[in-house]
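Written below as structure tokens is the structure these notes are about.
Values in this text are rule-based calculations from the coordinates and carry no lab data. Being a predicted model, the structure only gives us computed values, none of them experimental. So basically every Cβ, Gly included, is an ideal-geometry build from the backbone, and we count neighbours across all protein chains shown.
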Amino acid sequence: MTAEITKLREILQESNNIVFFGGAGVSTESGIPDFRSADGLYNEKYAYPPETILSRSFFSANTEEFYKFYREKMLYPDAKPNKAHIALAELEKQGKLKAVITQNVDGLHTEAGSVNVLELHGSALRNLCLTCGECYPLEKIINSEGIPLCLCGGVIKPDVVLYEEGLDPYVMSQATKAINDADVLIVGGTSLNVYPAAGMINYYRGDKLILINKSETSFDRYADLIIRDSIGMALNAAVFEE
Ligand code: ZN
């Protein structure tokens with residue numbers, strides 16, 4: 001165990017008010033690519049860039065094309081929770097971790113057993129009829145072709161926050177409150193360059209800001225502990241290893 005992991009372990013053992021804030025890097029260890037990273041989808045060739053396709057106006061104007069891209073590139077129904085998800089669920093079970101705040105839409109924290117999960121960008125596991133509000137599971141999207149329709153005839157839209165759409169104010173307020181109240185804040189799998197992540201971290205007032213990310217982040221100079229490694233490895237070692 002490295003000195004950093006030992007330090008992380010000590011901090012976790014001493015706290016009963018830990019909050020975790022995670023980005024795409026948490027899901028990449030489950031085999032879900034980060035569509036913003038250098039080797040991610042942004043470098044691939046499409047008629048439109050992903051930011052355009054994944055926007056509300058594109059969804060409204062080109063629903064069928066949106067779903068072609070979405071089914072092919074955004075859905076990973078076989079992905080399983082990794083060591084990071086499992087360690088965080090264990091910390092919550094022990095009463096030490098109060099909230100997981102995530103920018104991912106894959107539902108893997110909940111699948112791993114976490115209960116208080118604040119999904120800033122929504123969830124691909126929920127899909128809502130734009131006409132009547134009926135909610136459908138992921139299978140409805142996977143098992144349909146073209147534009148998925150509700151029994152009422154309405155168009156179904158994934159309950160994920162698209163570009164041009166605002167975040168859910170209730171989820172935002174719960175997340176900022178959790179960060180504001182936290183004793184320990186662990187930020188993992190994000191370089192904190194993308195809105196709203198950076199702004200939300202500013203609500204933290206404690207003195208145990210832990211950054212776990214393979215590359216530099218824009219908050220490194222404020223961190224009390226930096227771990228440049230796999231988040232699954234780091235959390236697994238700190239939570240489960242002797
Ligand atoms: Zn409907």
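Using a 10 Å Cβ count of at most 16 others and DSSP loop calls, identify the longest part of the chain lacking such chymotrypsin sites (Phe, Trp or Tyr not before Pro).
Value returned for the longest uninterrupted segment is 47-202.
If each Cα of the chain is one equal point scatterer, what is log10 of I(q)/I(0) from the Debye formula at q = 0.16, 0.17 Å⁻¹?
Results for the chain at q = 0.16, 0.17 Å⁻¹ read -1.15, -1.26.
Only four residue types carry charge here, +1 at the Cβ of Lys and Arg and -1 at the Cβ of Asp and Glu. Report the dipole size of the chain about the Cα centre in Debye, rounded to the nearest 20. Write out the running numbers ahead of the final one.
Details: 22 positive and 33 negative charges, 39 e Å.
Charge dipole of the chain: 180 debye, to the nearest 20.
If I model a spin label as a point 7 Å beyond the Cα along the Cα-Cβ vector, how far apart are those points for Leu149 and Phe240 in nm?
4.7 nm
Could you work out [θ]222 nm for the chain from helices alone, using -39500 (n - 2.57) per DSSP H run of at least four and dividing by all its residues? Round to the nearest 500 deg cm²/dmol.
That comes out to -9000 deg cm²/dmol.
May I ask you to order 100-107, 205-212 by the average number of other C-beta atoms within 10 Å around their residues, highest value first?
Values: 100-107: 24.4, 205-212: 18.6.
Taking the mean over residues of other Cβ atoms within 10 Å, the ranking is 100-107, 205-212.
For the range 144-192 and the range 114-140, what is the centre-to-centre distance using only Cα atoms, to the nearest Å?
Centre-to-centre (Cα) distance: 9 Å.
Where does the charge balance sit around Gly232 when Lys and Arg score +1, Asp and Glu -1, over other residues with C-beta under 11 Å from its C-beta?
Once all neighbours under 11 Å are counted, the net charge is -1.
In Å and whole numbers, how far do the C-alpha atoms of the range 160-205 stretch along each principal axis, longest first?
Between the extreme Cα coordinates on each principal axis of the range 160-205 lie 33, 24, 15 Å.
Let me know the charge dipole size of the range 1-143 about its Cα centre in debye, to the nearest 20, where only the beta-carbon of Lys, Arg (+1) and Asp, Glu (-1) is charged.
160 debye
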